[in-house]
Amino acid sequence: MTFTVPGFDHVRLPGADGVELAAAVGGSGSPVVLLHGFPQTHLMWRHVAERLGDEHTVICPDLRGYGASDKPAATDPDVYAKRTMAADVVTLAAALGHERFALVGHDRGALVAFRAGLDHPETIAHLGILDIVPTLDMWNVLHGASAAVGYHLFLMAQPPGLPEAMIAGSADAFFGSFLDAWTNDPAAMPEDVRAEYLRASAAAVTSIVADYRASADIDVMHDQADLDAGSQLAMPVTVVQQDWGAQLGYDAAGVWKAWAPDLDHRLTRAGHFMAEEAPDEITAAIQGLLAR
């Protein structure tokens, strides 16, 4: 059984460098691409995608290394760089005939969306970000005992070998711990959906770790180069996140304002998996973004 967005077609489309991505595609109208987070697949968008599909063509891919998409070996840092993963998204949308589209990402997908906004400003018309700060800022705000909330970032940043072995040896416990700890409303993630996330993640340990490892290396370099160059996001940007600024002691809206002059920054009471816990709220935020 293929777990996908109800009523959507499940297809395979080209990404960058010969990689193929699995995606759910449905609805009609101006295009919106939705990128999932960790430890999930495109299935996390099932509620929001159906709502947006009344007015938009909605495209929900599995990121490279996740779900049913290809999982190339990380033979060099570029393979899972967010720059490469952003190129996947642009290539995939072009294969469907969309040279310009709105892009919304959650968690890991939001890091890809951020990079796409910087690298492809002529292509990304609107940018939505759920529950992150950019990679460079993420490392800068994690300090002291409060950084324990992001222990997995440090684990998967280690050289190849040990992180993969540790996680593969207890995959359900590892990935399940995030699904449990980051969910305010367990009913929002039914058991069959949770099981699908665990199955997909256990089958992708090596590529998931490679994705995270890139964010402690090449992604930081790319963000720093843009910061040094004064690069900013040229399109309207909406950020919805939990109140991480209060929890970790930084100005979240200020961090985003430095990158996104045209910014709508919102806090939510939903948990990390807000597209599943609060689909009406997230749909409304995206619709508001698209109207700008």
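Mind listing whichever residues of region 264-289 are of a type in the set (A, V, I, L, M, F, W, C) and either open to solvent by 40 Å² or more (accessible area, probe 1.4 Å) or at pLDDT below 95 (or both)?
Selection gives 267, 284.
Residue check: is residue 177 of a type in the set (Ser, Thr, Tyr), within 26 Å of residue 47 (Cβ to Cβ), open to solvent by 10 Å² or more (accessible area, probe 1.4 Å) and modelled with pLDDT of 95 or more?
It is true that residue 177 is of a type in the set (Ser, Thr, Tyr), within 26 Å of residue 47 (Cβ to Cβ), open to solvent by 10 Å² or more (accessible area, probe 1.4 Å) and modelled with pLDDT of 95 or more.
Report yes if residue 200 is over 15 Å from the mean Cα position of the chain (by Cα) and crowded, with 20+ Cβ neighbours inside 10 Å, otherwise no.
yes
Based on this model, can you work out whether residue 44 counts as over 23 Å from residue 278 (Cβ atoms), under 13 Å from the mean Cα position of the chain (by Cα) and not in a loop (DSSP other than H, G, I, E, B)?
So residue 44 does not fit the description; no.
Would you tally the residues in region 5-23 being outside any loop (DSSP other than H, G, I, E, B) and under 22 Å from residue 84 (Cβ atoms)?
Taking region 5-23 as the starting set, the residues that turn out to be outside any loop (DSSP other than H, G, I, E, B) are 9-14, 16-18, 20-23.
This time we only want the ones that are under 22 Å from residue 84 (Cβ atoms), so: 11-14, 16-18, 20-23.
Of the residues in region 5-23, 11 are outside any loop (DSSP other than H, G, I, E, B) and under 22 Å from residue 84 (Cβ atoms).
Looking only at region 206-221, count every residue that is among the charged types (D, E, K, R) and open to solvent by 10 Å² or more (accessible area, probe 1.4 Å) and tell me the total.
As a first pass, look at region 206-221 and keep what is among the charged types (D, E, K, R): 211, 213, 217, 219.
Pick out the ones that are also open to solvent by 10 Å² or more (accessible area, probe 1.4 Å) and you get 213, 217.
Counting residues in region 206-221 that are among the charged types (D, E, K, R) and open to solvent by 10 Å² or more (accessible area, probe 1.4 Å) gives 2.
Wholly within region 69-173, which helices (runs of 4 or more DSSP H) include no fewer than the required count, namely at least 1 residues that are open to solvent by 30 Å² or more (accessible area, probe 1.4 Å), more than 22 Å from residue 213 (Cβ to Cβ) and out of contact with any Cys (no Cβ under 8 Å at 6 or more places or on another chain)?
In region 69-173, 82-95 are the helices (runs of 4 or more DSSP H) which contain 1 or more residues that are open to solvent by 30 Å² or more (accessible area, probe 1.4 Å), more than 22 Å from residue 213 (Cβ to Cβ) and out of contact with any Cys (no Cβ under 8 Å at 6 or more places or on another chain).
If residue 241 satisfies every condition in (1) open to solvent by less than 10 Å² (accessible area, probe 1.4 Å); (2) touching a strand residue (DSSP E or B) at 6+ places or on another chain (Cβ under 9 Å); (3) among the polar types (S, T, N, Q); (4) more than 18 Å from residue 134 (Cβ to Cβ) but one, which is the exception?
With (1) open to solvent by less than 10 Å² (accessible area, probe 1.4 Å); (2) touching a strand residue (DSSP E or B) at 6+ places or on another chain (Cβ under 9 Å); (3) among the polar types (S, T, N, Q); (4) more than 18 Å from residue 134 (Cβ to Cβ) applied to residue 241, the lone miss is (4).
Quick one: what pairs do we get from region 225-238, first residue part of a helix (DSSP H, G or I), second open to solvent by 20 Å² or more (accessible area, probe 1.4 Å), C-beta under 8 Å, 6+ apart or different chains?
What qualifies is 226/118.
Determine, yes or no, whether residue 62 is within 24 Å of residue 202 (Cα to Cα) and out of contact with any Phe, Trp or Tyr (no Cβ under 7 Å at 6 or more places or on another chain).
yes
So residue 225 clears everything in (1) closer than 21 Å to residue 104 by Cβ; (2) modelled with pLDDT of 95 or more; (3) surrounded by fewer than 15 Cβ atoms within 10 Å (Cβ to Cβ) except one condition, right? Which one?
Single failed check for residue 225: (1).
The values are calculated or read from the model by the stated rules, or taken from the named source; none is laboratory data. The shown structure was predicted, so the numbers you read here are calculated from the model rather than taken from an experiment. Neighbour counts are summed over all protein chains in view; Cβ atoms, including those assigned to glycine, are modelled from backbone coordinates with ideal geometry. Protein only, heavy atoms only, side chains kept; ligands, DNA and RNA dropped before computing areas. Shrake-Rupley method; radii C 1.70, N 1.55, O 1.52, S 1.80 Å.
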